[in-house]
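Okay, structure first, notes after.
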Amino acid sequence: MSAQQDAARLLVRTLEAEGVEYVFGIPGEENIHFVHALNDSSIRYILVRHEQGAAFMAEIYGRLTGRAGVASATLGPGAINLQLGVADATTNSTPVVAISAQVGLDRIYKESHQVIDLVSLFRPITKWSELAPRAEALPEMVRKAFKTAQTERPGAVYLAIPEDVEAAKVSADLAPLPLNVVRTQEPSASQVARAADVLALARRPIVLAGHGATRAGAGDALVHFSERLGLPVATTFNGKGVFPDDHPNALGAVGFMRHDYVNFGFDEADVLITVGYELQEFDPVKINPVADKKIVHIHQFPAEVDDHYPVAVGVQGDISRSLHALADSVHRRFDLNGTGHRIREMLREELAEGATEDGFPLSPRRIVSDVRAAMGREDIVLADTGAVKMWMARMYPTYEPNTLIVSNGLSSMGFSVPGAIAAKLAHPDRNVLAATGDGAFLMNSQELETAVRENVPITVLIWDDSAYGLIEWKMDLDLGTSSHIKFGNPDFVTYAESFGARGHRVESAGDLLPTLRKALAEDAVSVVAVPVDYSHNLRLTDKLGELTDPF
């Protein structure tokens, strides 16, 4: 009889061959062989407290590294708990490989304990969803999973492994497949020439950079393109940092719920040059309301179809090479008008005013200002979904890619605490802060224990208003009143300490910045609770609603 190996060990070897460093998950009875096999590998298993947390960790790891993060769960409820983070990854174009157990092939075809068609459940929220029919298929299926997750437009994939497949023996000759590197695609010369013709006739073009530009590492090329042609650059919330906010051509981020300062730059534009922009990030109707602007779409894949996104020219290929080729083909330079300068000044004024606001509870602008003062240029902030995201994404100056992370594809609440753990694992040399509302925090706060146990120092800043603040904001805007948004909170300091973390409570406006600096310097898991005054929400939207001229 020929030599054999455990299928679970073969699965682990295939993950090692893909460069996997971490698997985030919770073991179950049906995948114990796989989890046990990880003990003899180079892969670190991060035991989490909820599978949703595992999926969010895998997503943020994938977003920061460009390599698929791996989330693992048992069958049935464990696998289903992965789905929110998996869907979040796909809608945020982030590579994730989700692996779960499944019942054995000997009973999957009939009514039986914990049998549910997981492959069909995952199919609408992934790029590829499949079940391993035999252990011998694992090398090919794992290679396909990572290739699918990481190439073209990235996203999540799902692989179900039946318990009898996981526990099988296979030939010792079976080995992981070699990696095939996808080569950089050159842009079409004719597409570049057509785009140059559009810019040759443009009066006031503007650049919008999205998440795809960040994923492609196109920041330097984007700065060169802007400087070479004299073009203003705005970003989406997901694209923040790919063009530094302290650059003189920066306009800030679009994505706010009302017509913001940066929107005036788009109002004046006749041509939109979108770089790595995807429609899930931001509805184009808000920057092209009557669909009269010509659009040059620069990305690695074609644009989605939308009435308000009529692409005049699509330049498909490596984003950096496309930007350099187009810059070399346009023989003119545009004059930046005063609107861009005024937009930057207004945002700077807001941040400066926020730094002096000393009311208690704190204004959102004061919190944003103090967070910026506490964090280094390359430190990472994860802004959870809610009013926190609106204030942070709108106002927080960002200078490097992926240093302010939001979910703008699915906009899932509760990703920031587990995501911060993954961010710190990916970049242990940087400070990592999860900025979260109290509602989002309590959705996955149990992962504080994971961070403490795994010795992953992160800081969590809770914006405390005992309400779902963004929903209250929207209700007040549209209905003139709000309901069903208030709740009670625990003592966050005691709550943090019960997990073995350190807790801090901000007692005055002047207390926040030194408390943040102390927490970030502790090299421990720290929770900072800061009361926030969200009456400023309506003041902001009322002010923007009355603004008709940025001058």
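The values are calculated or read from the model by the stated rules, or taken from the named source; none is laboratory data. If you're wondering where the values come from, they're calculated on a predicted model, not measured in any experiment. Cβ sites come from the backbone with ideal geometry, for glycine too, and all protein chains shown count toward neighbours. Ligands, DNA and RNA are stripped out before the accessible areas are found, and what is left, the full protein with its side chains, is counted by its heavy atoms. Shrake-Rupley method; radii C 1.70, N 1.55, O 1.52, S 1.80 Å.
Across segment 469-509, which residue is surrounded by the fewest Cβ atoms within 10 Å (Cβ to Cβ) among those that are within 30 Å of residue 49 (Cα to Cα) and among the basic types (Lys, Arg)?
Among those that are within 30 Å of residue 49 (Cα to Cα) and among the basic types (Lys, Arg), it is 486.
Quick check on segment 139-155: of everything there that is in contact with a strand residue (DSSP E or B) (Cβ under 8 Å, 6 or more places away or on another chain) and buried (at least 18 other Cβ atoms within 10 Å of the Cβ), which residue is nearest to residue 277 (Cα to Cα)? Spell out the reasoning first.
Step one: filter segment 139-155 for residues in contact with a strand residue (DSSP E or B) (Cβ under 8 Å, 6 or more places away or on another chain), giving 141-142, 144-146, 148-149, 155.
So of that shortlist, the ones also buried (at least 18 other Cβ atoms within 10 Å of the Cβ) come out as 141-142, 145-146, 148-149, 155.
Values: 141: 31, 142: 29, 145: 25, 146: 23, 148: 20, 149: 19, 155: 15 Å.
Here the answer is 155.
Which number in (1) in contact with a Phe, Trp or Tyr (Cβ under 7 Å, 6 or more places away or on another chain); (2) modelled with pLDDT of 90 or more; (3) crowded, with 17+ Cβ neighbours inside 10 Å marks the one condition that residue 279 misses?
Only one criterion is unmet by residue 279, namely (3).
From the list 394, 348, which one is farther than 13 Å from residue 237 by Cα, of a type in the set (Lys, Arg) and outside any loop (DSSP other than H, G, I, E, B)? Even if it seems obvious, please write down each step before you answer.
Values: 394 fails: farther than 13 Å from residue 237 by Cα.
Step by step, each of 394, 348 is checked, and only 348 is farther than 13 Å from residue 237 by Cα, of a type in the set (Lys, Arg) and outside any loop (DSSP other than H, G, I, E, B).
Go through (1) in a loop (DSSP other than H, G, I, E, B); (2) of a type in the set (A, V, I, L, M, F, W, C); (3) in contact with a His (Cβ under 6 Å, 6 or more places away or on another chain) for residue 285 and report which single condition fails.
Condition (1) is where residue 285 drops out.
Quick one: count up the residues across segment 288-311 that are open to solvent by 50 Å² or more (accessible area, probe 1.4 Å), under 22 Å from residue 225 (Cα atoms) and in a loop (DSSP other than H, G, I, E, B).
Here the count works out to 2.
Here's the yes/no breakdown for (1) open to solvent by 10 Å² or more (accessible area, probe 1.4 Å); (2) in contact with a Phe, Trp or Tyr (Cβ under 9 Å, 6 or more places away or on another chain); (3) in a strand (DSSP E or B); (4) hydrophobic (A, V, I, L, M, F, W, C):
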site	(1), (2), (3), (4)
208	no, yes, yes, yes
217	yes, no, no, no
239	no, yes, no, no
245	yes, yes, no, no
248	yes, no, no, no
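Which of (1) closer than 25 Å to residue 211 by Cβ; (2) open to solvent by less than 50 Å² (accessible area, probe 1.4 Å); (3) within 26 Å of the chain's Cα centre (by Cα) does residue 325 not meet, given it meets every other one?
(3)
Among the residues that make up segment 110-131, is at least one of them over 28 Å from the mean Cα position of the chain (by Cα), aliphatic (A, V, I, L, M) and at pLDDT 95 or above? Let's see the steps before the verdict.
Going through segment 110-131, the residues over 28 Å from the mean Cα position of the chain (by Cα) turn out to be 110-117.
Still in the running and aliphatic (A, V, I, L, M): 115-116.
Subsequent filtering for residues that are at pLDDT 95 or above retains none.
Checked against the condition, which is being over 28 Å from the mean Cα position of the chain (by Cα), aliphatic (A, V, I, L, M) and at pLDDT 95 or above, segment 110-131 yields no hits at all.
In this structure, does residue 315 turn out to be among the aliphatic types (A, V, I, L, M) and outside any strand (DSSP E or B)?
Details: among the aliphatic types (A, V, I, L, M): yes; outside any strand (DSSP E or B): no.
When the stated conditions are applied, residue 315 does not pass them.
Restricting attention to segment 107-127, which residues are closer than 22 Å to residue 22 by Cα and open to solvent by 40 Å² or more (accessible area, probe 1.4 Å)?
Listed by number, the list holds a single entry, 127.
If a residue has to be of a type in the set (Asp, Glu), open to solvent by 10 Å² or more (accessible area, probe 1.4 Å) and not in a helix (DSSP H, G or I) to count, how many in segment 250-276 make the cut?
The initial filter retains those residues of segment 250-276 that are of a type in the set (Asp, Glu), namely 260, 267-268, 270.
Subsequent filtering for residues that are open to solvent by 10 Å² or more (accessible area, probe 1.4 Å) retains 267-268, 270.
Right, trim to not in a helix (DSSP H, G or I) and you get 270.
The qualifying residues number 1.
Which count do you get for residues in segment 95-137 that are outside any loop (DSSP other than H, G, I, E, B) and touching a Phe, Trp or Tyr at 6+ places or on another chain (Cβ under 9 Å)?
The first filter runs over segment 95-137 and keeps only residues outside any loop (DSSP other than H, G, I, E, B), leaving 96-102, 118-125, 128-131, 135-137.
Subsequent filtering for residues that are touching a Phe, Trp or Tyr at 6+ places or on another chain (Cβ under 9 Å) retains 96-101, 118-119, 121-123, 125, 128-130.
Residues flagged as outside any loop (DSSP other than H, G, I, E, B) and touching a Phe, Trp or Tyr at 6+ places or on another chain (Cβ under 9 Å) within segment 95-137 amount to 15.
Please work out if residue 221 is open to solvent by less than 20 Å² (accessible area, probe 1.4 Å) and more than 22 Å from residue 283 (Cα to Cα). Break it down into steps so the answer makes sense when it comes.
Working: open to solvent by less than 20 Å² (accessible area, probe 1.4 Å): yes; more than 22 Å from residue 283 (Cα to Cα): yes.
Yes, satisfied.
Identify the residue in segment 13-27 that is surrounded by fewer than 23 Cβ atoms within 10 Å (Cβ to Cβ) and small (Gly, Ala, Ser) and, among all such residues, is nearest to residue 43 (Cα to Cα).
19
Can you pull out the residues in segment 352-371 that are assigned to a helix (DSSP H, G or I) and surrounded by fewer than 18 Cβ atoms within 10 Å (Cβ to Cβ)?
To start, the set of residues in segment 352-371 that are assigned to a helix (DSSP H, G or I) comprises 352-356, 364-371.
Matches in segment 352-371: 352, 353, 355, 356.
Which one of these does residue 104 not meet: (1) at pLDDT 95 or above; (2) open to solvent by less than 10 Å² (accessible area, probe 1.4 Å)?
It fails just one condition, (1).
Just wondering, is there one or more residues in segment 179-202 that are open to solvent by less than 20 Å² (accessible area, probe 1.4 Å), at negative phi, of a type in the set (Gly, Ala, Ser) and part of a loop (DSSP other than H, G, I, E, B)?
Yes, segment 179-202 contains at least one residue that is open to solvent by less than 20 Å² (accessible area, probe 1.4 Å), at negative phi, of a type in the set (Gly, Ala, Ser) and part of a loop (DSSP other than H, G, I, E, B).
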